[in-house]
Protein chains: 2
Amino acid sequence: MVLVHHLRVGRSVFAVWLLEELGIDYELKIYERNAQGRAPEELKQAHPLGKSPVIETEGFTLSESGAITTYLLDKYDTENKLGPAGGTAAKAQWLQWLHYSEASAFAPILLKLLLMREQQPHPPIVSAFSTAEVALQLNYIQNYLADKPFLMGDALKAPDFGMCFILQLAQKLGELEAYPSLVAYLERNLASPGFQRAMEKTGG
Amino acid sequence: MVLVHHLRVGRSVFAVWLLEELGIDYELKIYERNAQGRAPEELKQAHPLGKSPVIETEGFTLSESGAITTYLLDKYDTENKLGPAGGTAAKAQWLQWLHYSEASAFAPILLKLLLMREQQPHPPIVSAFSTAEVALQLNYIQNYLADKPFLMGDALKAPDFGMCFILQLAQKLGELEAYPSLVAYLERNLASPGFQRAMEKTGG
């Protein structure tokens, strides 16, 4: 059994989607954001950072989406449904894109999100950095994805979960309009039965 | 043979340190930042994001520090010098901290770094977020590290490389003064022969 500490609305639904795809038996503990859009203090009882997703299983607590993904695949993906294809180069690519959506892709998007909430004039350095970096990242993703249905090719794999979170954030920020192939990729993934089940069970 | 595209000064020296610890034969291609502190356009020929570290080996190119680390350990760390200790819980913790320094830890520090360069008054939401988040992250690291010499306990393991990058940034920002145990951890690691060799070969 896996217990998921799930904060609505955010990255955690993509961890629940992963659980759905793997067919793992799990329980949800759902937390709501406060009026400022931040996680409630209660979530710090699950994990000191007070962020989500966090899972509890086998007597330990685990944070960081990429670590949760790797742990769950090691234990439950016995048929290698979501892991890398065979060969060293394919595994390296899979690893790169698994890390990418938490690492290089995230900070520029977060910056844009924070600036959008700002009432005062945007500071030029932070503003220019986030604008240039978001465009750089979205072009990079678009060029890599090209006309493939999923990041790794013809089938949904673990790196798609985190990528969908990044692209969903970009879409909410109005940054995705110039990238129709990324919109199509996102819509295709979010319409999938597994993601829809995750949405129904969590409310987002 | 591993070719490292190394941008001075930044995260890449910690990948070189990893290569030194594993005793891998590698070559360096060194890039210098421009007057604005950004990577030169030339680095985009190595990888479309134009960031570093990037490695070339076995006919492919690989970015993202965590992916590079996992690839190098899978291939070269045959004695499990830097990988997790035995047992599921130990491996999960190792994974969590490997991902952490690229994911949760990085964005708040980057925000602080950008704000520091800003001449105009700092916007209140971005400023409050980065201040609170940096303190949250540093307290979290300090509490986890406690009196252990390394993140995972008595020996240097892969998660220490990324952590040292985060703490080095925090120190440059003047954020580490209130955390003497983190200063001691950072100094102990950066004084190690492996890191010193990486510094000598790269210039930082």
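The values are calculated or read from the model by the stated rules, or taken from the named source; none is laboratory data. Only a predicted model underlies this, so the values are computations on that prediction, with no experimental measurement involved. All Cβ positions, even for glycine, are placed from backbone atoms using ideal geometry, and neighbour counts span all protein chains on display. Please note that ligands, DNA and RNA were not included when accessible areas were found on the heavy atoms of the full protein model with its side chains. Shrake-Rupley method; radii C 1.70, N 1.55, O 1.52, S 1.80 Å.
Just a few scattered comments:
- Counting only Cα atoms, the size of the stretch A:82-192 along its three principal axes is 51, 27, 19 Å, in decreasing order.
- The alpha carbon radius of gyration of the stretch B:11-128, expressed as a multiple of 2.2 N^0.38 Å, is 1.29.
- 14 Å Cα cut-off, lysine pairs counted over chain A (separation 8 or more, or different chains): 8
- Accessible area ranking (1.4 Å probe, heavy atoms, ligands and nucleic acids excluded), largest first, for B:Glu58, B:Glu175: B:Glu58, B:Glu175.
- Sparse packing (at most 13 other Cβ atoms within 10 Å of the Cβ) combined with a DSSP loop state is found for the following trypsin sites (Lys or Arg not before Pro) in the stretch A:7-69: A:Arg38.
- Debye equation applied to the C-alpha atoms of the stretch A:61-129, log10 I(q)/I(0) at 0.17 Å⁻¹: -0.74
- Scattering from the stretch B:12-63 was approximated by placing one identical point on each alpha carbon and applying the Debye formula without solvent; log10 I(q)/I(0) at 0.14, 0.26, 0.28 1/Å stands at -0.39, -1.12, -1.21.
- Heavy-atom accessible area order for A:Asp77, A:Asp154, largest first, 1.4 Å probe: A:Asp154, A:Asp77
- Between the stretch B:66-84 and the stretch B:129-188, the C-alpha centres lie 22 angstrom from each other.
- Nearest residue to the symmetry axis between B and A, taken on chain B by its Cβ, in whole Å: B:Ala107, 2
- Directionally averaged shadow of chain A, computed from the convex hull of its alpha-carbon atoms, nm²: 12.1 nm²
- Intensity falloff of the protein assembly as shown expressed as log10 I(q)/I(0), Debye formula with alpha-carbon point scatterers, at q = 0.11 Å⁻¹: -0.81
- Carbon and sulfur %, accessible surface of the protein assembly as shown computed with the full protein complex present, 1.4 Å: 52 percent
- The 1.4 Å probe gives accessible areas that order B:Thr57, A:Thr61, B:Thr88, largest first, as B:Thr88, A:Thr61, B:Thr57.
- Copies compared at A:Met199 - label distances in nm, ascending, label defined 7 Å from Cα in the Cβ direction: 5.2
- Measuring with a 1.4 angstrom probe and ignoring ligands and nucleic acids, A:Met116 comes out at about 110 Å² accessible.
- Solvent exposure of the stretch A:68-165 as accessible area per residue, Å², 1.4 Å probe: 39 Å²
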